[in-house]
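In what follows, a single structure is set out as structure tokens and then discussed.
What follows draws every value from the coordinates through simple rules; no lab data is involved. Please read all numbers here as calculations on a predicted model, not as lab measurements. Glycine also receives a Cβ, built like all others from the backbone with ideal geometry; neighbour counts cover every protein chain displayed.
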Amino acid sequence: MAKKPHSRECRPCTACCDGWLQIRVNGMPAYPGHPCPHSTGAGCDDYEHRPVDPCVQFICGWRMEQSPLPDWMKPNEAKVIVLLDQHRWRGLPVDVAVPVGRRIPPRALNWLRQFAERENRMLLYSEQIVENGAYTRQQSVSAFGPPEFQRDMAELASRGESLPPAPPAPSPIRLYPGRA
């Protein structure tokens, strides 16, 4: 029997709002150590009027419909934001994992590595860089996958480049009753 999809709610998680993902909200930057000005740490102080981009449109891997991530991987609990299928490498999906804090805890990182290996996916994961006791906007990125993937990612990084984003998923085909 197929697992019934369930709705997962953001609240009380604010990991994406708290600057772990580098975003701009109404022109204001949010980055590690500098959360969105509307984040209370338990929600948004202007939730009903939050901007469409990035706030309404963003859905982390834990919240996405039919997410493969277990319940315990909610970003505020597992201390990692997972972005599934962000890039493609040789036709294979590349997932991205960003720590909520300095680094991804071992339990979450081990789960992500096992998932990547089992599902034939590549994984890029980062660690926040701290200088003089404060988070910077820089991250150290590691690649998990076959040696060729790791080599390709190291070469891109040495040139200051990154993988292009994955192409958008095709729109589902809709069948309309009574139409050929």
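Before moving on, here are some points about what is shown:
- Under a Gaussian network description of the chain, with springs only between Cα atoms under 10 Å, the residue in 30, 134, 15 that fluctuates furthest is 134.
- With 0.36 nm allotted per residue and the present C-alpha distance subtracted, the residue 9-residue 139 stretch has 44.0 nm of extension available.
- Sorting the segments 79-92, 102-115 by their mean number of nearby beta carbons within 10 angstrom, highest to lowest, gives 79-92, 102-115.
- The protection proxy used here, the mean number of other Cβ atoms lying within 10 Å of each residue, ranks peptides 93-101, 135-143 as follows, highest first: 93-101, 135-143.
- Charge dipole of the range 1-145 about the Cα centre (unit charges at C-beta), most positive-ward option of 105, 36, 20: 105
- For the chain, alpha-carbon Rg over 2.2 N^0.38 Å: 1.12
- Anisotropy class of the range 113-165 from Cα gyration tensor, a/c 1.5 cut: oblate
- 3J(HN,Hα) couplings calculated from phi for the range 38-53 with the Karplus curve 6.51 cos²θ - 1.76 cosθ + 1.60 (θ = phi - 60°) are, in sequence order, 8, 6, 9, x, 9, x, 10, 6, 9, 3, 5, 10, 5, x, 4, 10 Hz; Gly and Pro show x.
- Under the simplified labelling scheme, the residue 45-residue 77 pair shows an inter-label distance of 2.9 nm, with each label point 7 Å from Cα along Cα→Cβ.
- Gained length - residue 117 relative to residue 52, 0.36 nm times residue gap less alpha-carbon distance: 19.9 nm
- Note, ³J(HN,Hα) from phi for the range 69-77, Karplus 6.51, -1.76, 1.60, rounded to Hz, x at Gly and Pro: 6, x, 3, 5, 8, 4, x, 6, 9
- Amide H contacts of residue 80 (H built 1.01 Å from N, in plane; Pro and chain starts excluded): 100 sit under 5 Å, all sequence-distant by 5 or more or on other chains.
- For the range 75-166, projected area of the alpha-carbon convex hull averaged over all directions, nm²: 6.3
- Shape summary of the range 27-93, radius of gyration then Dmax from alpha carbon positions: 14.2, 43 Å.
- Here's how it looks for residue 87: its modeled amide H is under 5 Å from those of 94, 166, which are all 5 or more places away or on a different chain.
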